[in-house]
1. Kindly give the semi-axes, whole Å and largest first, of the ellipsoid equivalent to region 122-165, taking each as the square root of 5 times a Cα gyration tensor eigenvalue.
2. If packing is taken as the mean number of other Cβ atoms within 10 Å per residue, what is the order of 46-53, 12-19, highest first?
3. Ignoring any ligand, DNA or RNA, what whole percent of the accessible area of the chain comes from carbon and sulfur when the probe is 1.4 angstrom?
4. Expressed as a rounded percentage, what relative contact order does region 23-116 have, with Cα pairs under 8 Å and six or more residues apart?
5. What angle do you read, to the nearest 10 degrees and between 0 and 90, between the alpha-carbon axis of helix 60-69 and the longest principal axis of the chain?
6. Roughly how big is the chain's charge dipole about its Cα centre, with Cβ charges of +1 (Lys, Arg) and -1 (Asp, Glu), in debye to the nearest 20?
7. Give me the mean projected area, in nm² to one decimal, of the convex hull enclosing the Cα positions of region 30-111.
8. Ala96 to Ala35: extension gain in nm, 0.36 nm per residue of separation minus the Cα-Cα distance?
Amino acid sequence: MLQIGNTLVSLDLAERFFCCDLDKCLGQCCIEGDAGAPITDEEFKKLESIAPAIKDTLLPAAVEVIETEGVGYTDEEGDLVTSLVDGRNCVFTCYAPGGKCLCAIDKAYRQGKCDFRKPISCYLYPLRLTEYPTFTAVNYHRWKICRSAEINGREKGIRLYQFMKEPLIERFGKEWYDELAMACEAYLAENR
């Protein structure tokens with residue numbers, strides 16, 4: 001583990017190669033799993049406010065879920081998460097040609113239709129944060145659907161911490177990220 005400020009960061013961020021390959025994985029991280037994406041209370045309110053603006057890009061079943069059940073719910077573990085369609089798709093998924101799953105929120109953000117990119121848990125994925133009373137743990141959620149991203153990252157020479165630069169800066173700040181990058185580079189230099 002690397003300690004950066006009040007965070008403990010898994011060595012996977014330095015050791016693993018990673019670069020999303022949406023053409024191969026088709027965005028399965030938005031439709032696989034046992035619950036919706038973790039969201040904060042603030043993000044829940046933001047999702048409620050932007051849902052009408054992105055309604056036209058959502059699946060009809062997703063619009064129905066949002067209208068009847070809302071944009072999120074509390075799961076079995078007591079976490080606030082985005083609502084699901086048929087127990088699988090996040091309500092904010094949309095599809096591109098070829099079955100590629102995209103985030104309707106991120107799409108609207110990129111088109112200037114809203115000022116919210118997406119929940120931080122989605123932006124940080126495949127990283128997962130666990131909050132403890134005195135520190136935050138930053139871990140890599142490694143599973144089969146991201147195998148193509150690991151292969152792509154290795155081919156391009158992109159480490160996980162490098163690929164996740166922008167979301168990590170958004171969550172922890174540039175100074176924190178710069179310290180992380182230096183720690184990862186030092187770790188890699190020592191362990192060649």
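1. After scaling each eigenvalue by five and taking roots: 23, 12, 8 Å.
2. Most protected by this proxy first, the peptides run 12-19, 46-53.
3. Ligands and nucleic acids excluded, carbon and sulfur reach 49 percent.
4. Computed value for region 23-116: 36 percent relative contact order.
5. The angle comes out at about 90 degrees.
6. Charge dipole, the chain, about its Cα centre: 800 debye, nearest 20.
7. Directional mean of the projected Cα hull area for region 30-111 stands at 5.4 nm².
8. 19.7 nm
The values are calculated or read from the model by the stated rules, or taken from the named source; none is laboratory data. Only a predicted model underlies this, so the values are computations on that prediction, with no experimental measurement involved. As a convention, Cβ positions derive from the backbone with ideal geometry for all residues, glycine included, and neighbour counts pool all protein chains shown. Ligands, DNA and RNA are stripped out before the accessible areas are found, and what is left, the full protein with its side chains, is counted by its heavy atoms. Shrake-Rupley method; radii C 1.70, N 1.55, O 1.52, S 1.80 Å.
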